[in-house]
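Have a look at the structure below before the remarks.
The values are calculated or read from the model by the stated rules, or taken from the named source; none is laboratory data. These numbers come from a predicted model, not from an experiment. Reconstructed Cβ throughout: ideal geometry from the backbone, glycine too, with neighbour counts over all protein chains shown. These area figures cover heavy atoms from the full protein model, side chains too; ligands, DNA and RNA do not enter into them. Shrake-Rupley method; radii C 1.70, N 1.55, O 1.52, S 1.80 Å.
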Amino acid sequence: MDVLVGYATVHGSTRTIAERTAAVLSRAGQRAEARPMTEVEDADVYRSFVLGSAVHEQSWLPPARRFVRENLDVLAPRPVWVFSVGMPAALRGPWRRMAAKELPAIEEGLPPGLGYRSHRLFSGVVEGDQLSRTGRLLFHLVGGRYGDFRDWHAVDGWATAIAGELRVDR
């Protein structure tokens with residue numbers, strides 16, 4: 001396999017974005033597969049990586065951070081792209097503008113030594129049952145909206161750009 005589109009998810013938004021990314025890469029001629037990072041037994045079999053995680057409290061999930069830490073020696077010499085899935089599109093007003101500051105915060109929490117070509121923050125699906133009672137109250141107070149905020153056009157465009165870079169690298 002050429003490309004691992006590895007992911008860590010809680011509610012499934014990150015998985016669907018990873019699967020869509022792998023499908024776009026495959027249509028572009030790359031041998032790509034989407035897999036949970038917890039199920040990758042040997043990262044060394046891949047030539048390049050697209051790694052993504054759901055974001056909780058401005059940080060990747062522990063399984064994603066662990067995968068990167070444990071495979072830095074494999075990732076370092078190979079092309080790597082990263083994506084994060086949060087809820088910026090579900091927010092309104094000043095809270096939405098503050099969401100732009102989330103990307104640097106997420107990057108600061110990534111394991112040191114991870115070099116990557118680009119990092120994209122996508123919005124996922126936000127449903128009330130995904131939040132605690134306090135979380136639902138706070139979400140309501142900041143004007144949050146529930147729904148599916150995945151931007152498939154943005155995902156497809158990013159994956160197409162990655163496919164183009166991989167063709168050039170060959």
For this session: List every residue pair whose Cβ atoms sit under 8 Å apart, with the two residues 6 or more apart in sequence or on different chains, where the first one lies in the range 1-18 and is under 21 Å from Glu57 (Cα atoms) and the second, anywhere, is of a type in the set (Gly, Ala, Ser) and in a loop (DSSP other than H, G, I, E, B).
Result: His11/Gly124; Ser13/Gly124; Thr14/Gly124; Ile17/Gly124
Seminar exercise, completed: Picked from the range 115-138 (must be touching a Lys or Arg at 6+ places or on another chain (Cβ under 9 Å) and of a type in the set (A, V, I, L, M, F, W, C)), the residue modelled with the lowest pLDDT is Val126
Exercise. Among the residues of the range 139-170, which ones are out of contact with any helix residue (DSSP H, G or I) (no Cβ under 7 Å at 6 or more places or on another chain), at pLDDT below 85 and surrounded by 13 or more Cβ atoms within 10 Å (Cβ to Cβ)?
Worked result: Phe139, His140
Exercise. Is it true that some residue in the range 85-101 is at pLDDT 85 or above and closer than 19 Å to Tyr7 by Cα?
Worked result: yes
Exercise. Can you find even one residue in the range 109-120 that is assigned to a helix (DSSP H, G or I) and crowded, with 17+ Cβ neighbours inside 10 Å?
Worked result: no
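Can you tell me which residue in the range 124-138 is most open to solvent (accessible area, probe 1.4 Å), limited to those that are free of Cβ contacts under 8 Å to residues at least 60 places away in the same chain and not hydrophobic (A, V, I, L, M, F, W, C)?
Arg133
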Problem set entry | Hits in the range 1-48 - residues which are within 17 Å of the chain's Cα centre (by Cα) and of a type in the set (Gly, Ala, Ser) | Gly6, Ala8, Gly12, Ser13, Ala18, Ala22, Ala23, Ala32, Ala34, Ser48
For this session: Look through the range 121-143, keep the residues that are under 17 Å from the mean Cα position of the chain (by Cα) and outside any loop (DSSP other than H, G, I, E, B), and return whichever of them is nearest to Ser13 (Cα to Cα).
Result: Val125
